[in-house]
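Below is one structure; the comments refer to it alone.
The values are calculated or read from the model by the stated rules, or taken from the named source; none is laboratory data. These figures come from a predicted structure and were not determined experimentally. Glycine also receives a Cβ, built like all others from the backbone with ideal geometry; neighbour counts cover every protein chain displayed. When the accessible area is computed, the model is the full protein with side chains, heavy atoms only, and any ligands, DNA or RNA have been set aside. Shrake-Rupley method; radii C 1.70, N 1.55, O 1.52, S 1.80 Å.
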Amino acid sequence: GRVAAATNHAGGVLGGMANGSVLDFSVAFKPTPSIARVQQTVNLRDGTNADLSVRGRHDPCIANRGAIVVEAMTAFVLADLCVRGGFLG
């Protein structure tokens, strides 16, 4: 007794509008790079100028924190759409 799509390959959005299916999307993160150039910094122990150089890759894992930000921003955008009357979910 209910009209529904056979698949949800569009992630629940067709033509920019929610179609009643579960919203589904993917996010990818580019790793933050280490800066290989020598940089100027301050030695906090004695207050003198010092050089900082990074050898190898020491990139922080931002994916764990990024997922929380994506989830929160998705909630904000969907709430904004509900307030504007553009989301009937």
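Computed quantities for the displayed model
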read-out: Any hit, region 3-15, residues being open to solvent by 70 Å² or more (accessible area, probe 1.4 Å), in a loop (DSSP other than H, G, I, E, B) and at positive phi; value: yes
read-out: Selection from region 16-31 of residues that are within 20 Å of residue 69 (Cβ to Cβ) and surrounded by 11 or more Cβ atoms within 10 Å (Cβ to Cβ); value: 23, 24, 27, 29, 31
read-out: Pairs, first more than 19 Å from residue 85 (Cβ to Cβ) in region 3-20, second open to solvent by 90 Å² or more (accessible area, probe 1.4 Å) and of a type in the set (Asp, Glu), C-beta under 6 Å, six or more apart; value: 11/24
read-out: Restricting region 32-57 to residues that are open to solvent by 100 Å² or more (accessible area, probe 1.4 Å) and not in a loop (DSSP other than H, G, I, E, B), the residue that is nearest to residue 78 (Cα to Cα); value: 40
read-out: Candidate set: region 16-31, residues that are small (Gly, Ala, Ser) and in a loop (DSSP other than H, G, I, E, B); chosen: the one modelled with the lowest pLDDT; value: 16
read-out: Of the criteria (1) open to solvent by 90 Å² or more (accessible area, probe 1.4 Å); (2) among the hydrophobic types (A, V, I, L, M, F, W, C); (3) modelled with pLDDT under 80, which one residue 68 fails; value: (3)
